[in-house]
Amino acid sequence: MGHKTATKSLISLTRRAVVGTIGVCLLAACTAGGGGGTLISGSINDTNFEPDASRPLQKRTSVKVALLLPLSAKGNTAIAAKALKQAGELALFEFDNPNILLITKDTKGTPEGAQAAAESAIKNGAELIIGPLFAKSVSSVAPVARQAKVPVIAFSSDQSVAGNGVFLLSFLAGRDVPRIVSYAISKGKKTFAALVPDTAYGQVVKSVFQKEVTAHGGQILAIETFPLDANGMLEPARKISEIAKNEDTALDALLIPGGPDSLPTLSPLIPYFEIDTKTVQLMGTGRWDFANIGRQKSLIGGWFPAPEPRGWREFTQRYVKTYGNVPPRIASLAYDAVSLAVSLSGNPRGKRYSTAQITRLSGFAGVDGLFRLLADGSSERGLAILEVQKFGSRVVDAAPSVFGQAQF
């Protein structure tokens, strides 16, 4: 897995690390320094930046990485962009590699702005592009980057824009379903049903769920879709309750891939229709991974796949110490993307960010645990299984430390 080589290349960083304070680290280099204070000057935020050989920073910087974000967009988009930028800079600070220059470019939140930002980044000598955030912007950046043979690690969750040099680091719809199904099967669950939202996300989850249950030798008794309005949820929930209460069918587990937009309305229907959660195991997807899910009392005891909470908790503490505010959940993606860029920067130019390096089988480990980028541009993650508690959630099955065929 390359531990010796990577450790040697980052030995100066290791000596400065505060041992035990960082629970997130690169798979090939499990050490990093603590956060806080003023960040180092290994980043350039001027979108009009041009290389200048007379600048001391430029003389000692051999690897340029571009970060494309909608910094001047409005509303929540700008807030997310700022957090992604700060998270990326935090990674650069903590891994403290003087050979990396992070060049931030503003995409203005438009496909045209993203294309211009990519062109500027490549003109500046960027060997890797991190971002942009939105699918349409990724589509605009892709041909520019491809022509220059510069790979893109984007934050979009739209799998249609992945591939041919574009890799998606985001949490992709349906990719966590195999984890929850395999865990349920391992716990003796054989018969399944699902209450799936009538959305594009729901359709993806439904397809993967059917495939995985069948592949593991399980049986699907029913799948019902529900709209996001309260009245429309009643009939699908009632139909599932009939299956659950039928002693001849003996339903073992019920998948509800909802999130904070639907669970507060849908979950009260579980006791209303007398679905016994002592005999029917409730299951969710990563969309269950939100604060205060335990307020939905009927979901307590339910299982869902997600990164182990420790990594995010420690990252949040360091981020707050540095910037004074709590980051949005998406911020970890930028931290991990920049960490990946740092870990591969020691390879020769032209090879350091090759497809072979970016998609290495051993993967990487970051804030959200083990992950690897695949040749088709999608990503795969090593997830834990959490159980909903009244306050928070607890890990009932740890995330894997290495990639294995049966664990994802």
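The values are calculated or read from the model by the stated rules, or taken from the named source; none is laboratory data. Since the structure is predicted, the reported quantities are computational estimates derived from the model, not experimental observations. When we count neighbours, we look across all protein chains shown, and the Cβ atoms used for this are built from the backbone with ideal geometry, even at glycine.
Listed values, structure above:
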| read-out | value |
| --- | --- |
| Only one of 198, 176 that is in contact with a Ser or Thr (Cβ under 6 Å, 6 or more places away or on another chain), farther than 17 Å from residue 382 by Cβ and at pLDDT 95 or above | 198 |
| Matching residues, segment 316-331, being in contact with a helix residue (DSSP H, G or I) (Cβ under 9 Å, 6 or more places away or on another chain) and over 15 Å from residue 92 (Cβ atoms) | 316, 325, 326, 327, 328, 329, 330 |
| Criterion violated by residue 292 - all others in (1) more than 26 Å from residue 392 (Cβ to Cβ); (2) modelled with pLDDT under 95; (3) of a type in the set (S, T, N, Q) satisfied | (1) |
| Scan of segment 233-249 for residues that are touching a strand residue (DSSP E or B) at 6+ places or on another chain (Cβ under 6 Å), in contact (Cβ under 8 Å) with a residue 24 or more places away in the chain and not β-branched (Val, Ile, Thr), ordered by number | 233, 236 |
| Qualifying residues in segment 259-268 (those that are part of a loop (DSSP other than H, G, I, E, B) and either among the aliphatic types (A, V, I, L, M) or under 22 Å from residue 181 (Cα atoms) (or both)) - the one farthest from the chain's Cα centre (by Cα) | 267 |
| Criterion: hydrophobic (A, V, I, L, M, F, W, C), more than 23 Å from residue 174 (Cβ to Cβ) and either surrounded by fewer than 20 Cβ atoms within 10 Å (Cβ to Cβ) or touching a Ser or Thr at 6+ places or on another chain (Cβ under 9 Å) (or both) - qualifying residue of 291, 253 | 291 |
| Test: residue in segment 329-341 that is in a strand (DSSP E or B) and surrounded by 14 or more Cβ atoms within 10 Å (Cβ to Cβ) | no |
| Only one of 222, 173 that is within 25 Å of residue 388 (Cα to Cα) and either over 20 Å from the mean Cα position of the chain (by Cα) or among the polar types (S, T, N, Q) (or both) | 222 |
| Residue within segment 347-356 that is surrounded by 19 or more Cβ atoms within 10 Å (Cβ to Cβ) and either assigned to a strand (DSSP E or B) or not assigned by TED's automatic domain parsing to the domain that holds residue 156 (or both) present | no |
| Tally, over segment 220-258, of residues that are part of a helix (DSSP H, G or I) and among the hydroxyl-bearing types (Ser, Thr, Tyr) | 1 |
| Failed item, numbered, when residue 390 is tested on (1) in the same structural domain as residue 66 (by TED's automatic domain parsing); (2) touching a residue at least 60 places away in the same chain (Cβ under 8 Å); (3) not hydrophobic (A, V, I, L, M, F, W, C) | (1) |
| Check on residue 279, assigned by TED's automatic domain parsing to the domain that holds residue 297, assigned to a helix (DSSP H, G or I) and over 16 Å from residue 304 (Cα atoms) | no |
| Residue list for segment 361-377, restricted to those being buried (at least 17 other Cβ atoms within 10 Å of the Cβ) and in a loop (DSSP other than H, G, I, E, B) | 363, 367, 368, 377 |
